[in-house]
Amino acid sequence: MLILGLGDIIAAGLLMSRVYDIDIPILIIMAFAGYLLLKGLIFIMDIGSLVDIVAGALLILSLYFGIPNIFFFAAAALLAFKGIMTLFARF
């Protein structure tokens, strides 16, 4: 579960990079979007997987469309919170 939490935190950072126009290679963005979508579909019965699916779709759509920054802030905050809670769930 530690890896999944770290993946969520990195994906939240990628969402924030879209807000501040930081150049990240498209392959990395697509890889983490695929990771989020796959993880969301594997754990579909969990309500947190909805956040993964929405964030993955948002990363993919951000490559092609201009999306308002509030969506990135909201998705990044939820993903980061979920990732931090996953990391501290072991204690």
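Within 10 Å of the chain's Cα centre (by Cα) and not polar (S, T, N, Q): which single residue out of LEU78, LEU63 fits that description?
LEU78 is the lone residue from the list that is within 10 Å of the chain's Cα centre (by Cα) and not polar (S, T, N, Q).
Taking interchain pairs and intrachain pairs at least six residues apart, which have beta carbon atoms under 6 angstrom, with the first residue in segment 65-87 and exposed (fewer than 15 other Cβ atoms within 10 Å of the Cβ) and the second part of a helix (DSSP H, G or I) and among the aliphatic types (A, V, I, L, M)?
Here the result reads ASN69/VAL19, each pair linking segment 65-87 to a residue that is part of a helix (DSSP H, G or I) and among the aliphatic types (A, V, I, L, M).
Going by the structure shown, is GLY13 within 21 Å of LEU87 (Cα to Cα), surrounded by 13 or more Cβ atoms within 10 Å (Cβ to Cβ), at pLDDT 95 or above and among the small types (Gly, Ala, Ser)?
Yes; evaluated as a whole, the condition is true for this residue.
Of all residues being in contact (Cβ under 8 Å) with a residue 12 or more places away in the chain and farther than 23 Å from TYR20 by Cα in segment 39-64, which is surrounded by the fewest Cβ atoms within 10 Å (Cβ to Cβ)? Just the residue, please.
Per the stated criteria, the residue is LEU41.
Would you confirm whether or not segment 32-54 contains a residue that is more than 10 Å from the chain's Cα centre (by Cα), more than 18 Å from GLY5 (Cα to Cα) and at pLDDT 95 or above?
No: zero hits.
Scan segment 29-40 for residues that are within 16 Å of LEU79 (Cβ to Cβ) and either of a type in the set (A, V, I, L, M, F, W, C) or touching a Cys at 6+ places or on another chain (Cβ under 9 Å) (or both) and jot them down.
Those that are within 16 Å of LEU79 (Cβ to Cβ) and either of a type in the set (A, V, I, L, M, F, W, C) or touching a Cys at 6+ places or on another chain (Cβ under 9 Å) (or both): ILE29, ALA31, PHE32, ALA33, LEU36, LEU37, LEU38.
The values are calculated or read from the model by the stated rules, or taken from the named source; none is laboratory data. Please read these numbers as outputs of a predicted model, since none were measured by experiment. Note that we place each Cβ from the backbone using ideal geometry, even for glycine, and neighbour counts take in every protein chain shown.
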